[in-house]
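**Student:** Just dropping this structure here.
Bear in mind these aren't lab numbers, they're just calculated from the coordinates by the rules spelled out. Source: prediction; values computed, not measured. Because the Cβ atoms are built from the backbone with ideal geometry, glycine has one as well, and the counts that use them run over all protein chains shown.
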Amino acid sequence: MNEVNRDLLLRRHMEGPIVSPIVHVCCRGLAPFIQITGLYVFFHGHYSPGGGFQGGVLLAASIIMLRMSLGLADSQRIMPNRLPIPLAALGALIYAGTGLLAMLWGGSYLDYSFLPLPMLDPAMLRYVGILVIELGVTICVMSTLISIYDNLLGS
Amino acid sequence: MKAIHILVLASFAALLMVAAVHLPRRGDPNSPANRAENVLKGPVAGAYYIQNAYLDAKTPNMVTVILADYRGFDTLGETVVVFAGGVACLYLLRRRTS
């Protein structure tokens with residue numbers, strides 16, 4: 001019973017494009033570290049080279065690596081097929097919406113010092129505004145790259 | 001014909017070399033791009049950014065402040081271009097089910 005179960009499990013994992021357990025284990029072990037690095041690069045853009053574009057590319061690279069090793073069907077759980085394009089639109093909307101919010105509260109477009117957050121001086125508001133728009137850039141770049149890969153696969 | 005090609009390329013190479021020789025040294029504080037004011041006594045953008053980036057946004061990384069704050073509209077355009085590229089790939093590459 002146990003033997004059959006393990007066989008079934010193995011076969012299910014083998015249905016990806018790459019039929020090698022070593023590649024599967026390595027990629028599944030490596031992906032979280034790449035994602036952590038991507039988040040670090042995104043959040044550390046204020047203090048060191050990095051930011052939204054680079055962090056988004058790293059996050060996309062981890063998911064594309066899972067798509068390549070596990071196959072399209074088994075990597076649906078971490079990023080479903082139909083999600084990337086709405087997510088990319090959401091990222092661009094976060095960016096544009098931040099600018100619009102500042103404009104509604106009396107500043108000019110994308111002037112973050114007018115964002116409606118109390119208890120923060122204008123310099124800190126601009127700090128927060130930069131972080132928010134970098135978040136939008138990260139989401140947009142990540143999901144656009146994943147979407148291009150999915151479309152190249154023809155799914 | 002071939003001699004003319006080589007002549008034109010050589011003259012362009014000579015022109016570029018002359019121009020490159022007369023470029024200011026990297027990091028020269030007296031070069032026009034690094035001065036605090038230009039020939040017309042007006043302010044220069046680079047010097048303003050270096051002096052005020054941290055005070056304006058409390059962010060040590062000057063490049064991030066310029067990218068996301070001073071030149072935020074440009075970065076918005078870049079993001080929209082990335083998104084438009086994704087949508088274009090979607091419509092070009094997706095498998096039609098009809």
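**Student:** Would you mind telling me which numbered condition in (1) under 17 Å from the mean Cα position of the chain (by Cα); (2) closer than 30 Å to A:S113 by Cα B:Y54 fails?
**Tutor:** With (1) under 17 Å from the mean Cα position of the chain (by Cα); (2) closer than 30 Å to A:S113 by Cα applied to B:Y54, the lone miss is (1).
**Student:** Over 30 Å from A:M142 (Cβ atoms) and of a type in the set (D, E), is that true of B:D28?
**Tutor:** Yes.
**Student:** For the range B:14-30, check the following and say yes or no: at least one residue is in contact with a helix residue (DSSP H, G or I) (Cβ under 6 Å, 6 or more places away or on another chain), more than 30 Å from A:L115 (Cα to Cα) and surrounded by 10 or more Cβ atoms within 10 Å (Cβ to Cβ).
**Tutor:** no
**Student:** Mind counting the residues in the range A:102-116 that are in contact with a Leu (Cβ under 8 Å, 6 or more places away or on another chain) and closer than 22 Å to B:P60 by Cα?
**Tutor:** Result for the range A:102-116: 5.
**Student:** Filtering the range A:62-90 down to residues that are within 10 Å of the chain's Cα centre (by Cα) and touching a residue at least 40 places away in the same chain (Cβ under 8 Å), which residue is surrounded by the fewest Cβ atoms within 10 Å (Cβ to Cβ)?
**Tutor:** The extreme case among them is A:L87.
**Student:** Further question on the same structure: I need a count of the residues in the range A:137-155 that are assigned to a helix (DSSP H, G or I), within 7 Å of chain B (Cβ to nearest Cβ) and either small (G, A, S) or farther than 15 Å from B:E78 by Cα (or both).
**Tutor:** The qualifying residues number 4.
**Student:** Could you check, for the range B:61-75, whether at least one of its residues is in a loop (DSSP other than H, G, I, E, B), out of contact with any Gly (no Cβ under 8 Å at 6 or more places or on another chain) and within 14 Å of chain A (Cβ to nearest Cβ)?
**Tutor:** Yes, the range B:61-75 contains at least one residue that is in a loop (DSSP other than H, G, I, E, B), out of contact with any Gly (no Cβ under 8 Å at 6 or more places or on another chain) and within 14 Å of chain A (Cβ to nearest Cβ).
**Student:** Does A:M103 meet the test of being more than 10 Å from chain B (Cβ to nearest Cβ) and not polar (S, T, N, Q)?
**Tutor:** Yes: the conditions hold for A:M103.
**Student:** Say we look at the range A:114-136 and pick out the residues that are facing another protein chain (nearest Cβ under 7 Å) and without any contact (Cβ under 8 Å) to a residue 24 or more places away in the chain; which of these is surrounded by the most Cβ atoms within 10 Å (Cβ to Cβ)?
**Tutor:** Looking at residues that are facing another protein chain (nearest Cβ under 7 Å) and without any contact (Cβ under 8 Å) to a residue 24 or more places away in the chain, I get A:R126.
**Student:** Can you tell me which residues in the range B:37-60 are facing another protein chain (nearest Cβ under 9 Å) and of a type in the set (D, E, K, R)?
**Tutor:** B:D56, B:K58
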